[in-house]
Amino acid sequence: MYSKRELLDLLPGTRIWIAVFLGGILAGALFYRQVYDLAFPLLKNAVAIAEKPASMNSISEPVYLLFLYFFKNALVIVLCLMTARPTRGLLPGLVLLINGLVLGFAATLIHKLAGLSYGQFALGILPHGVFEFAALFLACAAGWQAVDYRKAWGFIWLPLILLAIAAIMEAFVSPWVIKSLV
């Protein structure tokens, strides 16, 4: 289990992972035409979710999507946490780069097709993105710095709590924010 001090010590270690992620966003925005075939299938589900915001009448669908979203991201967190050091950062770096690439691509595509500004796009993903990205960056930093993997496993609770919050926000809040911006 990480102490409060050890958690604070992880923060500088997130810089490299944030830089890789931001590099992916930039590449996705600049080369969106080239990554269209790669990224568009991944975005079909996100578009479907955004078109049907959660309501009290259709609670089962968002809860199901919420579970799938949380489960997928939990697996990514475990992957980043446990493979950062053994793969010399390659696997978590690739996960963050691809996530950034898809995000940059989505922002540019939505900007071009729907006229939504990059700022509006950022506001639309902000409610869940803050928690989701923090979980990813912290897990990568913890995995990279962990020498004792039993200690790293003791850390996993924080990213999972952040992801649970992100899943709830993405299923129930972000779609409403995006609809209000359009």
Kindly indicate the residue of region 78-97 that is over 14 Å from the mean Cα position of the chain (by Cα) and either among the β-branched types (Val, Ile, Thr) or part of a helix (DSSP H, G or I) (or both) and also farthest from Pro175 (Cα to Cα) among those meeting that condition.
Thr87
Give me the residue from region 1-59 that is surrounded by 17 or more Cβ atoms within 10 Å (Cβ to Cβ) and more than 25 Å from Thr108 (Cβ to Cβ) and, out of that set, modelled with the highest pLDDT.
Thr14
Going through Gly119, Gly124, Gly100 one at a time, which residue ends up being under 14 Å from the mean Cα position of the chain (by Cα) and over 30 Å from Arg5 (Cα atoms)?
Gly124
Is one or more of the residues making up region 105-124 free of Cβ contacts under 8 Å to residues at least 24 places away in the same chain, among the small types (Gly, Ala, Ser), farther than 15 Å from Ile77 by Cβ and part of a helix (DSSP H, G or I)?
yes
Quick one: Ile168 ticks every box in (1) touching a residue at least 60 places away in the same chain (Cβ under 8 Å); (2) touching a Gly at 6+ places or on another chain (Cβ under 9 Å); (3) part of a helix (DSSP H, G or I) except a single one, so which number is it?
(2)
Picking from Ile178, Ile168, the residue that is at negative phi, out of contact with any helix residue (DSSP H, G or I) (no Cβ under 6 Å at 6 or more places or on another chain) and crowded, with 17+ Cβ neighbours inside 10 Å would be Ile168
Filter region 171-182 down to the residues that are part of a helix (DSSP H, G or I), of a type outside the set (Gly, Ala, Ser) and closer than 13 Å to Val130 by Cβ and list them by number.
Val177
Does region 61-74 include one or more residues that are at pLDDT 80 or above and among the charged types (D, E, K, R)?
no
Any residue at all in region 129-143 that is at pLDDT 85 or above, part of a helix (DSSP H, G or I) and under 21 Å from Tyr32 (Cα atoms)?
yes
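The values are calculated or read from the model by the stated rules, or taken from the named source; none is laboratory data. Predicted model, so just to flag it, every value in this text is computed and none were measured. In this analysis, Cβ positions are derived from the backbone assuming ideal geometry, glycine residues included, and neighbour counts consider all displayed protein chains.
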